[in-house]
Structures are given as C-alpha cells and as structure tokens.
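Each reported figure results from applying straightforward, stated rules to the coordinates on display, with no laboratory input. Because the structure is a prediction, the values reported are computed rather than measured. As a convention, Cβ positions derive from the backbone with ideal geometry for all residues, glycine included, and neighbour counts pool all protein chains shown.
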C-alpha cells in the first residue's frame, strides 16, 4: 500500500472513531437519565406498594411489658391501614440485644421493624462488644411515645414514701432491693442514677422483662420496682403496689397524687422514657418516609391515643431525622453519665 493510500486510510479510521464516539456521547446521557428514572421509579413504586405481605415488629423484651403493649396497640391500627397482618414477635434476651441483632441482620425492605426504648442507647455504654453497630446497622423511622418511670413499693416492704425509703436505706445499707426488667433498661438506669445522686446503697435485681419484675414485687420477692407508669397502674389501683414517686419533673396524669422524686427531696432528679421504631440499616429513603407517615397516622388515631394515654404514654411521633438526633443525643448523654457514675462496659 502506498503512502497516499495509507494516509487516506488513516484519515478514514480517525473519522470513523470520531463518529462512533460522538454517537455514544449523544445516547449516553439519555440512557443514564432513563436508568436513573427507572431505578427511582422502582423505589417509589416499592414504597407505594408497601406492604404487600405481613410486617413483623420485633419486641426485644418479653410479652406483657411496655414495648409489647405499644407494639400491639399501634400494630393493630397499622394492620387496619395497610390491609396486611402486623405480627408482633417477642425476642427477649441480653437487655434487648437479641432482638436488636435479629433486625440488624434482616433485609432493609421494611418487612421487619424494631421497637426500642431508652435501653437501646444505654447498651453501648454497658457492654464492651455488641453484635451490631448501634448507629450504622439501623435506620431511624420515628419516635412513638414518651412516659415517666415510677418507683413503687411492695406492700410487704412497709415502705410508703420516699422519705421512709431514704431512712430504711440508711439503716439497712445494701439490703433494700429493687426489681428492674433487665440490665441496661430504663428502670435499671434510673435506679443506678438514684443510687449515685442520692447516695443510696440499694441492690438491683434484674428480671426477664417488666411483667416478671412487676410480679416479683407484687409477690414480695423484691422491695421496690422501677418501671414505666403503664404496667404499674392496675396494681396500684388494686393496692398490690404502692407508688412512691415518678421520675419526671411533672406528675403523671394517671397518678396525680404521686409526687415526683424532685418534690420528694431528690432535687433536680429527672429521667424520662421513650419508645421508637427502627428498621435495618440502609433502608430506601422513600420507604422510610412511607412507614414513618403510616406510624404517625396510626399513633395519632383517636382510639390509639386514648389507649396509650390511659396507660401513661404520650404519643409523640417525629421525622426520621429528628429520631436520629434523639438516638445520637441519648447515646452521648448516657455514655457520659455512665462514665461519671464509674460504670464500665463489661463483656456480654
């Protein structure tokens, strides 16, 4: 082949490559946009169709407790809204770690959700190793309710006031016992802070769930109980438990004659309790918004609000971002308090 022919051939090859490049450049952007639209459309369609099968709410504690109650009341309303069964599944153990781990390892499709309370943000400060990352392995969806804890006494203990309790603890250091629904729970933490702030030498007795803890105090096995207001109400009404004080700065509407710990001599003492909904990590944002909206609608339904309020819970819903901030703030707060109290993380 002569020089001229090779030159013409080279020019023709360059022209062909240039035209090919321009062709793909012209179609690449529309194809990319179409692909993005298709993915977004699939995500939105998935969120819009949710749920197309039963949804599980994992309760990381025993049946009959506060979280179990909240999950069942709100879950029943969600089932009506969705036209799908909402199955409440109790997976207790290790202060909520067993149930939390199960959800952390579930698919991020919204079919498996987790209801948690204060203890969820306390566990990282109690246990040196957890089988999940408290922040990264979960998706915050919404706050659900808030309440106060209540300190109640067994009638067999003969303790009828906080003043009498302080006297008894002073006379019998280490002999007054209080029941909690597990290490790391809100009730346990309240007791630890009472011991620190009030210099009270009391002994914590952990039970497997608030139902078992309540029964233990009613039976006189333990002197005191620290738990949410709701589980105590029927036993207070039947005189099987004597409420001594609530842990919020305001009295409970359900126990209006019961003073706060602040009123009872422990100035400034305040511990609140909350419950919220999480999903597995990396859930699609559109799906998270859909589920948050539906939980908010269910929690604010008049019949649901009536049931929650009657048991001492205030329905409080939030955006996913607001709940994420609550979790972060609580992790920092309890971590600092535990360090100040000299409580070091231990192996599970």
Starting from one equal scatterer on each C-alpha and no solvent at all, send me the Debye-based log10 I(q)/I(0) for the range 228-327 at q = 0.20 Å⁻¹, two decimals. -1.04
Could you work out how far helix 285-299 tilts from the main Cα principal axis of the chain, as a 0 to 90 degree angle to the nearest 10? 30
In degrees from 0 to 90, rounded to the nearest 10, what is the angle of the helix 3-49 Cα long axis to the longest principal axis of the chain? 30
In whole Å, largest first, the alpha carbons of the range 144-223 cover along the principal axes 40, 28, 19
Can you order the peptides 47-54, 330-337, 147-154 by their average number of other Cβ atoms within 10 Å per residue, highest first? 147-154, 330-337, 47-54
Extent of the chain along each principal axis, from alpha carbon coordinates, in Å, largest to smallest? 114, 44, 30
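Please list 314-324, 210-220, 182-192 highest first by mean number of surrounding beta-carbon atoms within 10 Å per residue. Write down the numbers at each step before the final one.
On the way: 314-324: 17.2, 210-220: 20.5, 182-192: 26.0.
The densest-packed peptide leads the list: 182-192, 210-220, 314-324.
What 222 nm value per residue comes from the helices of the chain, counting each DSSP H run with n ≥ 4 as -39,500 (n - 2.57) and dividing by all residues, nearest 500 deg cm²/dmol?
Numbers: 11 runs with 166 residues, N = 348.
Mean residue ellipticity, 222 nm, calculated: -15500 deg cm²/dmol.
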Hey, what angle do you get for helix 66-82 against the long axis of the chain, alpha-carbon based, 0 to 90 degrees rounded to 10? 40
When a/c is below 1.5 the answer is rounded, else prolate if a/b is larger than b/c, else oblate, so apply that to the range 264-317 with a ≥ b ≥ c taken from the square roots of the Cα gyration tensor eigenvalues. oblate
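Could the peptides 233-245, 166-178 be put in order, highest first, of the mean number of other beta-carbon atoms found within 10 Å of their residues?
Output ranking for 233-245, 166-178: 233-245, 166-178.
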Anisotropy class of the range 132-286 from Cα gyration tensor, a/c 1.5 cut: prolate
Expressed as a whole percent, how much of the Cα-Cα distance distribution for the range 97-154 exceeds 16 Å? 51
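Quote the relative contact order of the chain in percent (integer), defining contacts as alpha-carbon pairs under 8 Å separated by 6+ residues.
Numbers: 660 pairs, mean separation 86.1, N = 348.
Result for the chain is 25 percent.
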